[in-house]
Every structure is written in structure tokens, then in C-alpha cells.
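These notes concern the structure reproduced below.
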Amino acid sequence: EDQRFYKHHGVDIKRSVGAAINYVLKGDSSYGGSTITQQLVKNITNDKERTKSRKIREMLRAIVLESKISKEQILEMYMNTIYLSQGANGVEAAANTYFAKDVSELSLAECACIAGITQYPSMYDPIVNPENNAKKQKLVLGKMLELGHITKDEYDEAISEKLVFKQGKEKVQKVQSYFLDALFETLLDDLMEKGYSEQFA
């Protein structure tokens, strides 16, 4: 979704202009102009109102965030906060939910399956909508090949791999423990000490 992640500074001007033109000409807001950084900002702030002012706030926050932390930190935070259906928040939870594995043990095909969920979790859920997920997985692998992130042999091997879904033992806890509450408060204080506002932290 964000091919130029390592090149932009929080906002991908080309995609944002494309999204704006699509909205003006067709009235369609489904064309994604958001970068990974913008999506992370939305996940952190939970600011999801569908207004132009929210989008501008999101862009400004993304630019500020990119000036404070590295691309690697942004990507790691994003990967740990994205919702990947079936109650899984973050790629580690998704690896366990769909394949009963640690994320480090996933094959390329399994990684592409999980990566394919991000755009529309319910539509690309591999358990509920396996055909949609399979199409998206192929799209992800094709884009990785096109951009030179994988070889043709790796692509062919991943495409031919038959995915076996197996739910892990970890279940999402509905009730936060006192430990998590204390951890949340500590992290909030630490982020505010680093100069972030309470709302952003």
C-alpha cells in the first residue's frame, strides 16, 4: 500500500493528490492516499472521523512523527498495532491466530497472506473469505517481485505453497490486567516526558 514509505516524510504527495482528484472527480473516497505513518497515527490517536479536517490533522501528525522517530520504529509500531481480523492486533498475534507460529517462523507465502489482510480486514480475512485473501496474497507477492524485494524463484515457491491454517493457543484477553494498566500508565508518562502531548501519547 505504501511503496514509497522509505522515500516520503510522512505524507506521500503523489498518492494524496491522486486520492484528492479521485474524490473530486468521482466522489469516491475509497482510493487510499494514506501512508503507513498516517495509518499509525490514526491507530494511535483513534481519530477516525471522516472529515477533511481529520485528514489534515493526520497528515500534520504524520510529518511530526517522522521528525521524531526512525522509519524502522514507525514500521515496527505499525506492525504491532494494525488490526488483522479474528481479534488479532499486530503481526505476532496474526501469526499465532492463523498459523500457530511465531511471526519469525512464517514462510513468505504466510507473510503475504497476513499482509494482504491490512487493507480491509473483514474482506481479506483468510478464514472467512479465503478466495479474496488468496487473490490479495498473489497481488502482494506480485508487487514484491515487481519492486525487486523477492526473486522469481521465491515468488514461484510462495505462489505454489498450500497454506495450512491452524489456530494457536493464544486467545485475545477481553479484560486488561492490573499489570497492563500499570504498563499503559508508565508508557504514557514516558512518552509525555519525551515531548508528546497526552492525547498523542
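Here is a list of conditions, (1) surrounded by 10 or more Cβ atoms within 10 Å (Cβ to Cβ); (2) modelled with pLDDT of 85 or more; (3) more than 18 Å from Ala115 (Cα to Cα), and Asp153 meets all of them except one; can you say which number that is?
(1)
Here are Leu139, Leu75: which of them is assigned to a helix (DSSP H, G or I), under 30 Å from Asp47 (Cα atoms) and open to solvent by less than 60 Å² (accessible area, probe 1.4 Å)? Walk me through it before giving the result.
Values: Leu139 fails: open to solvent by less than 60 Å² (accessible area, probe 1.4 Å).
So the residue among Leu139, Leu75 that is assigned to a helix (DSSP H, G or I), under 30 Å from Asp47 (Cα atoms) and open to solvent by less than 60 Å² (accessible area, probe 1.4 Å) is Leu75.
Can you name every residue in the stretch 83-106 that is closer than 25 Å to Thr35 by Cβ and either polar (S, T, N, Q) or open to solvent by 10 Å² or more (accessible area, probe 1.4 Å) (or both)?
Once the filter is applied, which keeps residues that are closer than 25 Å to Thr35 by Cβ and either polar (S, T, N, Q) or open to solvent by 10 Å² or more (accessible area, probe 1.4 Å) (or both), the stretch 83-106 yields Tyr83, Ser85, Asn89, Val91, Glu92, Ala93, Val103, Leu106.
When residues of the stretch 107-120 are filtered for being within 25 Å of Gln38 (Cα to Cα) and open to solvent by 30 Å² or more (accessible area, probe 1.4 Å), how many remain?
Quick first cut of the stretch 107-120, residues within 25 Å of Gln38 (Cα to Cα) only: 111-120.
Still in the running and open to solvent by 30 Å² or more (accessible area, probe 1.4 Å): 111, 115, 118-120.
The number of residues fulfilling the criteria is 5.
Among the residues of the stretch 32-66, how many are of a type outside the set (A, V, I, L, M) and touching a residue at least 12 places away in the same chain (Cβ under 8 Å)?
Within the stretch 32-66, the subset of a type outside the set (A, V, I, L, M) is 32-35, 37-39, 42-43, 45-55, 57-58, 61, 66.
With touching a residue at least 12 places away in the same chain (Cβ under 8 Å) added as a condition, the list becomes 32-35, 37-39, 42-43, 45, 50, 58, 61, 66.
Looking only at that region, the number is 14.
Mind listing whichever residues of the stretch 40-57 are open to solvent by 80 Å² or more (accessible area, probe 1.4 Å) and under 29 Å from Asp102 (Cα atoms)?
Residue satisfying the conditions is Asn46 alone.
Test Leu60 against the stated conditions and say whether it is assigned to a helix (DSSP H, G or I) and surrounded by fewer than 15 Cβ atoms within 10 Å (Cβ to Cβ).
Details: assigned to a helix (DSSP H, G or I): yes; surrounded by fewer than 15 Cβ atoms within 10 Å (Cβ to Cβ): yes.
When the stated conditions are applied, Leu60 passes them.
Need the failing condition index for Asn80 against (1) part of a helix (DSSP H, G or I); (2) of a type outside the set (Gly, Ala, Ser); (3) open to solvent by less than 80 Å² (accessible area, probe 1.4 Å), just the number.
Single failed check for Asn80: (3).
The values are calculated or read from the model by the stated rules, or taken from the named source; none is laboratory data. Just so we're clear, the structure is a prediction, and the values are computed from it rather than from any experiment. So basically every Cβ, Gly included, is an ideal-geometry build from the backbone, and we count neighbours across all protein chains shown. To get the accessible areas, we keep the full protein, side chains included, count just its heavy atoms, and leave off ligands, DNA and RNA. Shrake-Rupley method; radii C 1.70, N 1.55, O 1.52, S 1.80 Å.
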